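Colleague: A single structure is presented below for examination.
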Amino acid sequence: MTDSKTSGANPSPVDSPAEETRPLPSQEEIALWVKGEDLPTLGALFSELPVARFDALMMQIRKEELLPQHWQVIGDRTLPDPAVFESYPAIARLRAASAHSETARGQMEALRIGWQELAGKQPALWTTSDLFVALRRIIERGLPVDYTDLLSATRDVWRNLTLPHGKDQLETLWACLDLIRQKTRK
């Protein structure tokens, strides 16, 4: 019996070298990240991920009924006015709360790119589905985004909301990230 890695056969998408060598976060690290801790390896869940593999992971998330079945990619590619992004209260709160200007710049830039990919939808109104739509478009277009910065900025926007929407989205994102972690490790 020969191993597909040594027999010259093409490895399956799950066995790709990029997924084997990336340091992926543990379930406990993701839980701490949801509560506000830094987690530099979080972005590894999406880095070097081809669109087809991302779509397969989203199908698994839908199968587990973690996200609504009807969400879809936004077709609008019109770039919104950058001044609008800066005017959002959630963006002002993020800037004021960050003591690390380099971290804040990276997160703001990642969030701005996600906002553009969602045709100007206000980050405080995003759902977990919206975040994954933005991630898919970023992956598809090969945009230079630090996934950890985008995920962390979105988490912080949701954590700062006073309505239950933010908490609900964080819980959904947590479940989705954990499932992605499990499916990527297999």
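The values are calculated or read from the model by the stated rules, or taken from the named source; none is laboratory data. Model, not experiment: these values are computed from the prediction. So basically every Cβ, Gly included, is an ideal-geometry build from the backbone, and we count neighbours across all protein chains shown. Side chains are part of the model used for accessible areas, which takes the heavy atoms of the whole protein and leaves out ligands, DNA and RNA. Shrake-Rupley method; radii C 1.70, N 1.55, O 1.52, S 1.80 Å.
Colleague: Do any residues in the stretch 79-108 that are among the aromatic types (Phe, Trp, Tyr) have Cβ atoms under 8 Å from those of residues that are in a helix (DSSP H, G or I), where the two are at least six apart or on different chains, and which pairs are they?
Modeller: Close Cβ pairs satisfying both conditions: Phe85/Ile91; Phe85/Arg112; Phe85/Trp115; Tyr88/Pro123; Tyr88/Ala124.
Colleague: Exactly one of these conditions fails for Ala104: (1) in contact with a Gly (Cβ under 8 Å, 6 or more places away or on another chain); (2) farther than 19 Å from Lys35 by Cβ. Give me its number.
Modeller: (1)
Colleague: Got a sec? Which of Ala90, Ala110, Ala119 is touching a Ser or Thr at 6+ places or on another chain (Cβ under 7 Å), open to solvent by less than 60 Å² (accessible area, probe 1.4 Å), modelled with pLDDT of 85 or more and over 16 Å from Cys176 (Cα atoms)?
Modeller: Ala119
Colleague: Something else now. Any idea which residue in the stretch 19-44 is modelled with the lowest pLDDT, counting only those that are assigned to a helix (DSSP H, G or I) and open to solvent by less than 30 Å² (accessible area, probe 1.4 Å)?
Modeller: Glu19
Colleague: On to the next question. When only residues in the stretch 127-186 that are of a type in the set (Ser, Thr, Tyr) and within 18 Å of Ala90 (Cα to Cα) count, which is most open to solvent (accessible area, probe 1.4 Å)?
Modeller: Looking at residues that are of a type in the set (Ser, Thr, Tyr) and within 18 Å of Ala90 (Cα to Cα), I get Thr162.
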